[in-house]
1. Need one number: nm distance between label points at residue 112 and residue 51, each 7 Å from Cα along Cα→Cβ, rounded to one decimal.
2. Using packing as a proxy for protection, rank 7-13, 19-25, 31-37 so that the peptide with the highest average count of other Cβ atoms within 10 Å comes first.
3. When the dipole is taken about the Cα centre of the chain, and only Lys, Arg (+1) and Asp, Glu (-1) are charged at their Cβ, what size is it in debye, to the nearest 20?
4. Semi-axes of the equivalent ellipsoid for the stretch 78-122, please: Cα gyration tensor eigenvalues, times 5, square-rooted, ordered largest first, whole Å.
5. Helix-only estimate, please: 222 nm mean residue ellipticity of the chain, summing -39500 (n - 2.57) across DSSP H runs of length 4 or more and dividing by its residues, to the nearest 500.
6. May I ask you to rank 27, 137 by accessible area, largest first, using a 1.4 Å probe over the protein chains only?
7. Classify the stretch 99-143: rounded, prolate or oblate, from the alpha-carbon gyration tensor (a ≥ b ≥ c, eigenvalue square roots; a/c under 1.5 rounded; otherwise prolate if a/b is larger than b/c)?
8. Expressed as a whole percentage, what fraction of the accessible surface of the chain belongs to carbon and sulfur atoms when a 1.4 Å probe is rolled over the protein heavy atoms?
Amino acid sequence: MKFLIINGPNLNLLGKREPGIYGEQSYDALCAMIREHAEKNASRADFFQSNHEGAIIDAIHAADGVYDAIIINPAAYTHYSYAILDALKAVSVPAYEVHISHIDQRESFRAVSVTAPACVGQLYGHGFAGYLMAMDYFLEGGK
Ligand code: DQA
């Protein structure tokens, strides 16, 4: 399978950013872990990270017809970006939403995802492993 892994704002700072919440491993370490999981499963993962909403929307549009699945952590955009919700709805490639932290146990605004309704599922609170679990959903035949 061909996966596109999309990460939103501030996730480029993994490792430095609030390590008590997001862990001590870097964005590059996250990508390496995902790449290894893809290769182990005869698959391929490409990566896109941006701190800009429009760039994320453009990446979702460009994924249509190119990738089998999107794994997306929209980061703070999760909680208010109707534009990313609409972009995910506009393409036929299925998306799975992932969050590193327990979004339901933090500030109340984080418990709301406006983007999840456009996704086939949502996982949170599993750290980096959540990305691999979302990939497994598709690798095991989920659509
Ligand atoms: C996050 C949770 C969001 O609330 C936050 O804005 C992030 C990261 C997570 O992976 O836990 O940037 O999506």
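1. For residue 112 paired with residue 51, the spin-label model returns 2.6 nm.
2. With the highest mean Cβ count within 10 Å placed first, the list reads 7-13, 31-37, 19-25.
3. Approximately 40 debye in magnitude.
4. Taking √(5λ) for each eigenvalue gives 20, 12, 6 Å, largest first.
5. Value at 222 nm, helices only: -10000 deg cm²/dmol.
6. Working: 27 35, 137 75 Å².
Sorted descending by solvent-accessible area, the residues read 137, 27.
7. Cα axes put the stretch 99-143 in the oblate bin.
8. Values: 3400 of 6740 Å².
Roughly 50 percent of what the probe reaches on the chain is carbon or sulfur.
The values are calculated or read from the model by the stated rules, or taken from the named source; none is laboratory data. Not measured: the values here are computed from a predicted model. For neighbour counting, all protein chains shown are included, and Cβ atoms are generated from backbone atoms with ideal geometry for every residue, glycine included. Keep in mind that these areas ignore ligands, DNA and RNA; they rest on the heavy atoms of the full protein, side chains included. Shrake-Rupley method; radii C 1.70, N 1.55, O 1.52, S 1.80 Å.
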